[in-house]
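Comments concern the structure below.
The values are calculated or read from the model by the stated rules, or taken from the named source; none is laboratory data. Please read these numbers as outputs of a predicted model, since none were measured by experiment. As a convention, Cβ positions derive from the backbone with ideal geometry for all residues, glycine included, and neighbour counts pool all protein chains shown.
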Amino acid sequence: MQFKYHSPQNEKEISFINISELQKASGRIIPRDSFDYIRSGAGDEITMQRNTTSFNTKEIYPRTFAGIKTPDLHTSVLGIPISLPIITAPMAAHGLAHISAESGTAKGTAAAGSIMSISTYSNQTLEKIAAAGNGAPQWFQLYLSKDDGFNRHLLEEAVKNNIKAIILTVDATINGNREADMRNRFTMPLPLANLKKTGQNKALSLEQIFDNFLPNITLKDLSKIISFSKLPLIVKGIQNPQDALQAVSAGASAIWVSNHGGRQLDGGPASFEVLEEIAATVNHRVPIIFDSGIRRGQHIFKALASGADITAIGRPLLYGLAQGGWRGVKDVYDFFARELSMVMQLAGTPDIEAVKKAPLFTAH
Ligand SMILES: Cc1cc2nc3c(=O)[nH]c(=O)nc-3n(C[C@H](O)[C@H](O)[C@H](O)COP(=O)(O)O)c2cc1C
């Protein structure tokens, strides 16, 4: 089997009031098994749902007399200036959402003035995605394979393609129980461009993909990646202050607080619930990137006010891509920028540094 891409060619502006509407509309155009793979989480999806609902455990104080005309969303991370405190999370196989695949997401992300993260399981080559980004900053997300030669090959490709940082994902050493994918007998669409070197030329089930992963990542692996690539290493999938400290002591340049969008350990806390404690433990030694469950501008505000330096968005960007190609991705960025700006105005916070210092209200 060769191709299972979703294929509308359109690159149009899309219209949606909120992400929940956008998700519903995307479910009507993305083929069923692909949509299930994108939307769903592990097990009973309790952790996935809680990722979004837990933002309601804290509230934002309104402030009126701050005299703000237009809030400034600009910030930076690891020395890279960005137009807003939101980046694109790494996700496998963007071809499931749109024929332009990762190139579409990279172009939309660049148009928004932000950073594109590219998954090990991208449908397109790093070279092609870099060309679509047209010089905009890109990070490469590595899943450590049992085959060290393959890991080295991927890191070499990243360096060759001007990647600015490596994201090592540590929360997916085995497959979470994603029941929708089991039911659908989901297989990854081809090509998975980075697997070409391994001679892989048939569709892979998720079990087959995860079989290649190193199940026991250690701190030594982190040091090895840093010394081999000479790039900053971001450790993604941290949900525990202890792990954060260990990663920092092994040389990580940033910590990415994430529970993989609730796709791995169902029964774990919401990512937002562990953010504050991890940020307090890391104590500004390295920046903190936060994702999982963000669907509103107020969620971004609350994450920044709870210790994140920037946030990342997953599924909503694939829904935007499905609807309108790169323009749809840009529209999702614009939606979050609009909502965040409105919240910042109403909260009396003129810029991102002020948001990070804003106290949150807890009623219980
Ligand atoms: C379809 C899909 C594929 C994903 N693939 C990867 C991946 O290849 N590597 C990775 O580190 N995270 C992957 N993730 C997790 C995202 O990087 C991110 O942590 C998560 O989507 C954030 O949650 P949100 O979708 O609620 O914003 C994937 C998520 C989705 C939805």
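Among the residues of segment 289-319, those identified as charged (D, E, K, R) and more than 14 Å from the ligand (Cβ to nearest atom) are K302, D309.
With respect to being surrounded by fewer than 23 Cβ atoms within 10 Å (Cβ to Cβ), more than 23 Å from N56 (Cβ to Cβ) and of a type in the set (D, E), D266 falls outside the description. Within the span defined as segment 111-126, every residue fails to be free of Cβ contacts under 8 Å to residues at least 24 places away in the same chain, over 18 Å from L219 (Cα atoms) and more than 16 Å from the ligand (Cβ to nearest atom). Inside segment 235-256, residues that are under 15 Å from H284 (Cα atoms) and within 10 Å of the ligand (Cβ to nearest atom) make up a count of 1. Only one entry in A42, A66, A92 is touching a residue at least 24 places away in the same chain (Cβ under 8 Å), out of contact with any Asp or Glu (no Cβ under 6 Å at 6 or more places or on another chain), over 25 Å from D331 (Cβ atoms) and not in a helix (DSSP H, G or I), namely A66. Criterion applied to R50, R39 was being buried (at least 21 other Cβ atoms within 10 Å of the Cβ), touching a helix residue (DSSP H, G or I) at 6+ places or on another chain (Cβ under 9 Å) and at pLDDT 95 or above, and the one residue passing it is R50. Just so you know, in segment 122-177 the residues that are charged (D, E, K, R) and part of a helix (DSSP H, G or I) include one that is farthest from the chain's Cα centre (by Cα), and it is D148. Residues that are farther than 22 Å from F336 by Cβ, away from the ligand (no atom under 16 Å from the Cβ) and crowded, with 17+ Cβ neighbours inside 10 Å are absent from segment 132-154.
Taking the criterion of being assigned to a loop (DSSP other than H, G, I, E, B) and more than 17 Å from N259 (Cβ to Cβ), the residues of segment 280-300 that qualify are N283, H284, R285, V286, P287, R296.
Test L222 against the criterion of being closer than 17 Å to W139 by Cβ and part of a helix (DSSP H, G or I), and give yes or no.
Spelling it out, L222 is indeed closer than 17 Å to W139 by Cβ and part of a helix (DSSP H, G or I).
Annotation: of all residues in segment 192-206 being assigned to a loop (DSSP other than H, G, I, E, B) and surrounded by fewer than 18 Cβ atoms within 10 Å (Cβ to Cβ), the one that is modelled with the lowest pLDDT is G199.
Can you name every residue in segment 255-274 that is of a type in the set (A, V, I, L, M, F, W, C) and farther than 24 Å from L346 by Cα?
Hits for segment 255-274 are I255, W256, V257, L265, A270, V274.
Condition (residue is within 14 Å of the ligand (Cβ to nearest atom), under 23 Å from L84 (Cβ atoms), modelled with pLDDT of 95 or more and not hydrophobic (A, V, I, L, M, F, W, C)) applied to segment 268-288: is it met by at least one residue? There is at least one residue in segment 268-288 that is within 14 Å of the ligand (Cβ to nearest atom), under 23 Å from L84 (Cβ atoms), modelled with pLDDT of 95 or more and not hydrophobic (A, V, I, L, M, F, W, C). Once segment 3-28 is narrowed to residues that are in contact with a Pro (Cβ under 9 Å, 6 or more places away or on another chain) and modelled with pLDDT under 95, the residue that is surrounded by the fewest Cβ atoms within 10 Å (Cβ to Cβ) is F3.
Pairing residues of segment 311-322 that are under 13 Å from S100 (Cα atoms) and part of a helix (DSSP H, G or I) with residues that are within 8 Å of the ligand (Cβ to nearest atom) and among the aliphatic types (A, V, I, L, M), at Cβ distances under 6 Å and at least 6 apart in sequence or on separate chains, gives L318/I38.
Does segment 61-71 contain at least one residue that is more than 10 Å from the ligand (Cβ to nearest atom), of a type in the set (A, V, I, L, M, F, W, C) and in contact with a His (Cβ under 9 Å, 6 or more places away or on another chain)? Within segment 61-71, none of the residues are more than 10 Å from the ligand (Cβ to nearest atom), of a type in the set (A, V, I, L, M, F, W, C) and in contact with a His (Cβ under 9 Å, 6 or more places away or on another chain). For the residues S76, S83, S100, S20, the requirement of being within 20 Å of the chain's Cα centre (by Cα), within 13 Å of the ligand (Cβ to nearest atom) and among the small types (G, A, S) singles out S20.
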